[in-house]
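*Asks:* I'd like to ask you about the structure that follows.
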Amino acid sequence: MSFKSAKISYIEYYLPEQILTNEELQTLYPRWSSEKIYSKTGISTRHIASQDECASDLGYRAAYKLFNQSNIKPEDIDVLIFCTQTPDYCLPTSACILQDRLGLPNSCASFDINLGCSGFVYGLSIAKAYICSEMARNVLLITADTYSKVIHPLDKSVRTIFGDAGTATIISSNDGIAEIGSFDLGTDGSGYKNFIVPTSGFRIPKSSETSIEKEDESGNIRSLDNLYMNGSNLFSFTLDAVPKTIEQLLQKVNLNLSDIDWFIMHQANRFMLRHLTEKLNIPEIKVPICLEQYGNTVSSSIPITLRDCQKNGLFKNGDLLMLIGFGVGYSWGSVLLKWMGEDKNVS
Amino acid sequence: MKIKDFIDKCCLALEVEPGTLNRDSSPDNVETWDSMGYLNLIAMIDKELGLSLSGDDLQKINTLGDLIDELKSRGVLE
């Protein structure tokens, strides 16, 4: 057998039923009207997982939908990669639970990766490596997170932005809708404290002290058990890292910025995407914004944007797409895709 | 960029009436200089002066006067 290239063949996503609107949020934050929240973030609603719904449930639903709507079957999957930062357990591996629940064969390699906004691009890089090294024919990449479970209800800096979602993508050696090209990946762990749930592991154990809620200078309330995001530091990091990864990837493949038809960026928030687009001097029309209904869905934002654009017939045969993920870690990655046109997903 | 022009840009970034900011303006006396205000300032400085200030840089700056002095010391303001 000879697998020369890896292709994305199917993408599906699942959004939890419960919806959080700006109108509900404005009742909690006196100085932020629903219009202000929308104008700053570009987000009008977010989907929120129910109390008994975990990231693996969202991932399961997305994969279930994908298997139902495609001609690929669970027994065809050789590798399952589950990208999440809100797993069911620290141990066991959530991917193992998903392998059983989805009816994937026991010969399927299954593992989690813990990455946020860069996770889909990293997942594609691992999937491509498996396929091009002929260790797998079909990889199922699932991304899912439930940040809502670690967000304090009165922390508007994060609650206005993040939504829960799950996605499932098949990367295959056979036919597909997009061929996966070159990557540029990077890390700067010096920024780890700027986007963190301090008690999410073993470094700072949860205690009655860590659950004490404090108000910050902007009036947001959180404890050490909640998600903390230093928005301005993260923004500065993005302004620095994103143009660099784009430039480095273009250099690797000897292309110019104008050769790229679509830039599918991690959907952080509209303010950031608009500013990045302006800074990079890219026409706005080449940068789809797809977060009004979903919010920032972390590692799911890029596959959701790809799927929505695909459904809307935005991409044409031969189009070059650059996917760019960036955020928590700090971690970032970009990859080129060549759209192959044939729409195998059933809309 | 001249200091007066920079202050005008700050008024736009913080969404306050032109001419209402001065060296003593700070997050304590400008309501819109909140976390979102910081992002607007970072975006404006990045766009207009080509300098990517971190949020930590900005948090150390107490007033608009401090910010102006910092940017002068970095050679991006006249």
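The values are calculated or read from the model by the stated rules, or taken from the named source; none is laboratory data. This is a predicted model, so every value here is computed, not measured. Note that we place each Cβ from the backbone using ideal geometry, even for glycine, and neighbour counts take in every protein chain shown.
*Asks:* Please go through the range B:38-49 and give me each residue that is crowded, with 17+ Cβ neighbours inside 10 Å and either at the interface with chain A (Cβ under 7 Å from one of its Cβ atoms) or not in a helix (DSSP H, G or I) (or both), ordered by number.
*Replies:* Within the range B:38-49, B:Tyr38, B:Leu39, B:Ile42, B:Ala43, B:Asp46 qualify.
*Asks:* Same structure again: Among the numbered criteria (1) more than 21 Å from the chain's Cα centre (by Cα); (2) closer than 26 Å to A:Gln267 by Cα; (3) part of a helix (DSSP H, G or I), which single criterion is violated by A:Arg31?
*Replies:* Single failed check for A:Arg31: (3).
*Asks:* Still on this structure: Identify all residues within the range A:263-286 that are more than 23 Å from A:Arg159 (Cβ to Cβ) and under 16 Å from the mean Cα position of the chain (by Cα); write none if there are none.
*Replies:* Those that are more than 23 Å from A:Arg159 (Cβ to Cβ) and under 16 Å from the mean Cα position of the chain (by Cα): A:Phe263, A:Ile264.
*Asks:* Inspect all residues belonging to the range B:5-22 and state whether any of them is polar (S, T, N, Q), away from chain A (no Cβ under 14 Å) and more than 20 Å from A:Ser39 (Cβ to Cβ).
*Replies:* Within the range B:5-22, one or more residues are polar (S, T, N, Q), away from chain A (no Cβ under 14 Å) and more than 20 Å from A:Ser39 (Cβ to Cβ).
*Asks:* Which residue is farthest from the other protein chains (Cβ to nearest Cβ), if the candidates are limited to the range B:50-65 and must be surrounded by 18 or more Cβ atoms within 10 Å (Cβ to Cβ) and in a helix (DSSP H, G or I)?
*Replies:* The extreme case among them is B:Leu64.
*Asks:* Criterion first (touching a residue at least 60 places away in the same chain (Cβ under 8 Å) and assigned to a strand (DSSP E or B)) does A:Ile11 satisfy it? Full working, then the answer.
*Replies:* Working: touching a residue at least 60 places away in the same chain (Cβ under 8 Å): yes; assigned to a strand (DSSP E or B): yes.
Considered against the rule, which asks whether it is touching a residue at least 60 places away in the same chain (Cβ under 8 Å) and assigned to a strand (DSSP E or B), A:Ile11 comes out as yes.
*Asks:* For the range A:224-258, which residues satisfy the criterion of being among the polar types (S, T, N, Q) and either within 14 Å of chain B (Cβ to nearest Cβ) or buried (at least 17 other Cβ atoms within 10 Å of the Cβ) (or both)?
*Replies:* Listed by number, the residues that qualify are A:Asn226, A:Asn230, A:Ser232, A:Asn233, A:Ser236, A:Thr238, A:Thr245.
*Asks:* Across the range A:321-347, which residue is farthest from the chain's Cα centre (by Cα) among those that are β-branched (Val, Ile, Thr) and at pLDDT 95 or above?
*Replies:* Looking at the filtered set, the residue picked out is A:Val335.
*Asks:* Among the residues of the range A:272-285, write down those that are crowded, with 19+ Cβ neighbours inside 10 Å and at the interface with chain B (Cβ under 9 Å from one of its Cβ atoms).
*Replies:* A:Met272, A:His275
*Asks:* Confirm whether A:Ser211 is more than 12 Å from every other protein chain (Cβ to nearest Cβ) and either under 15 Å from A:Phe326 (Cβ atoms) or part of a loop (DSSP other than H, G, I, E, B) (or both).
*Replies:* yes
*Asks:* May I pose another question? In the range A:142-167, what count of residues is obtained for those that are touching a helix residue (DSSP H, G or I) at 6+ places or on another chain (Cβ under 8 Å), of a type in the set (A, V, I, L, M) and over 13 Å from A:Ala127 (Cα atoms)?
*Replies:* Residues meeting the conditions: 5.
*Asks:* Give me the pairs, please: first residue somewhere in the range A:273-302 and within 14 Å of A:Phe235 (Cβ to Cβ), second residue anywhere and surrounded by 15 or more Cβ atoms within 10 Å (Cβ to Cβ) and small (Gly, Ala, Ser), beta-carbon distance under 6 Å, and either six or more positions apart or on two chains.
*Replies:* Qualifying pairs under 6 Å: A:His275/B:Ala43; A:Asn296/A:Ala268.
*Asks:* Sticking with this one: Residues being more than 14 Å from chain B (Cβ to nearest Cβ) and more than 30 Å from A:Gly341 (Cβ to Cβ): count how many of those fall in the range A:155-178.
*Replies:* Going through the range A:155-178, the residues more than 14 Å from chain B (Cβ to nearest Cβ) turn out to be A:162-178.
From the residues that got through so far, the ones that are more than 30 Å from A:Gly341 (Cβ to Cβ) too are A:162-164.
Here the count works out to 3.
*Asks:* Please count how many residues of the range A:225-260 are among the charged types (D, E, K, R) and over 21 Å from the mean Cα position of the chain (by Cα).
*Replies:* Number of matching residues: 4.
*Asks:* Now for a separate question. Can you name every residue in the range A:93-126 that is of a type in the set (D, E, K, R) and either more than 21 Å from the chain's Cα centre (by Cα) or over 30 Å from A:Ala268 (Cα atoms) (or both)?
*Replies:* Answer for the range A:93-126, where residues must be of a type in the set (D, E, K, R) and either more than 21 Å from the chain's Cα centre (by Cα) or over 30 Å from A:Ala268 (Cα atoms) (or both): A:Asp100, A:Arg101.
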